[in-house]
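Written below as structure tokens is the structure these notes are about.
The values are calculated or read from the model by the stated rules, or taken from the named source; none is laboratory data. Everything numeric in this text was worked out from a predicted model, so none of it was measured. Because the Cβ atoms are built from the backbone with ideal geometry, glycine has one as well, and the counts that use them run over all protein chains shown. For accessibility, only protein heavy atoms count, side chains too; no ligands or nucleic acids. Shrake-Rupley method; radii C 1.70, N 1.55, O 1.52, S 1.80 Å.
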Amino acid sequence: SSQQQAAAAISDDLRQPIRMLRLLQGDVGSGKTVVALLAAAAVAEVGKQAALMAPTEILARQHIKTITPLAERAGLGVAILTGREKGRARESVLMGLAAGEVDILIGTHAIFQEKVAYNKLGLVVIDEQHRFGVSQRLLLSAKAGRPPHLLVMTATPIPRTLTLTHFGEMDVSRIDEMPP
């Protein structure tokens with residue numbers, strides 16, 4: 001299936017000594033989030049963390065709902081951080097993240113704010129990447145110390161995204177079928 005091909009390409013990228021820059025394109029419901037979860041699990045296996053940034057709180061909460069049951073069965077710690085998390089709940093997430101107890105952080109712009117400190121950020125997944133600016137992606141990447149692997153997902157590639165891939169900045173995986 002194209003989901004398996006995309007996951008295999010990403011897995012190969014993660015094993016390389018150079019930083020992955022890959023676009024994962026597929027229709028809504030095609031399995032992009034599960035492919036991203038597999039990439040996050042691969043990073044967690046080597047002791048690093050993954051961050052998944054969504055453009056809206058609604059989408060971030062959809063991702064947490066999809067990812068949490070699968071990740072928890074695999075023994076991965078998952079947390080969410082949006083503008084809604086406040087007080088003790090927010091502090092708990094930030095402490096767990098800094099301590100390395102959170103393997104996958106899902107959220108909105110909140111995941112790259114100043115007080116957010118990752119233990120070992122190894123993968124950044126950006127959903128609907130055209131809704132974020134370059135400076136926002138750089139701020140999140142800077143949280144890693146050295147540039148983390150980058151996976152951007154979209155259902156609707158726009159000209160800027162297509163230009164990045166055309167000029168060799170990004171490899172492309174395309175999911176062209178719905179999961180069985």
Open item on the list: Just to be sure I understand the model, the point goes 7 Å from the Cα along the line to the Cβ. What's the resulting Asp171 to Arg84 distance in nm?
Closed with: 3.6
Task: Heavy-atom accessible surface of the range 54-124: percent carbon and sulfur, 1.4 Å - done: 53
Task: Area accessible to solvent at Asp13, 1.4 Å probe radius, in Å² - done: 30
Open item on the list: Which of the three applies to the range 38-98, rounded, prolate or oblate, going by the alpha-carbon gyration tensor with a ≥ b ≥ c and a/c under 1.5 meaning rounded?
Closed with: oblate
- [ ] Would you please give the residues with an amide H less than 5 Å from that of Asp176, counting only those at least 5 places away or on a separate chain, with H modeled from the backbone geometry?
- [x] Ser2
- [ ] First select every other residue whose beta carbon is under 15 angstrom from the beta carbon of Gln5; then total the charges, Lys and Arg +1, Asp and Glu -1.
- [x] -2
TODO: Please report, to one decimal in angstroms, the Kirkwood hydrodynamic radius of the range 12-75 built from all distinct Cα-Cα pairs.
DONE: 13.0
Task: Full-extension gain in nm, Ala99 to Ile58, via 0.36 nm per residue minus C-alpha separation - done: 12.0 nm
Open item on the list: Cβ neighbours within 10 Å, averaged per peptide: list 150-156, 49-55, 20-26 in order, most packed at the top.
Closed with: 49-55, 20-26, 150-156
Task: Fully extended contour minus Cα-Cα distance, from Gln5 to Lys115, at 0.36 nm per residue - done: 35.9 nm
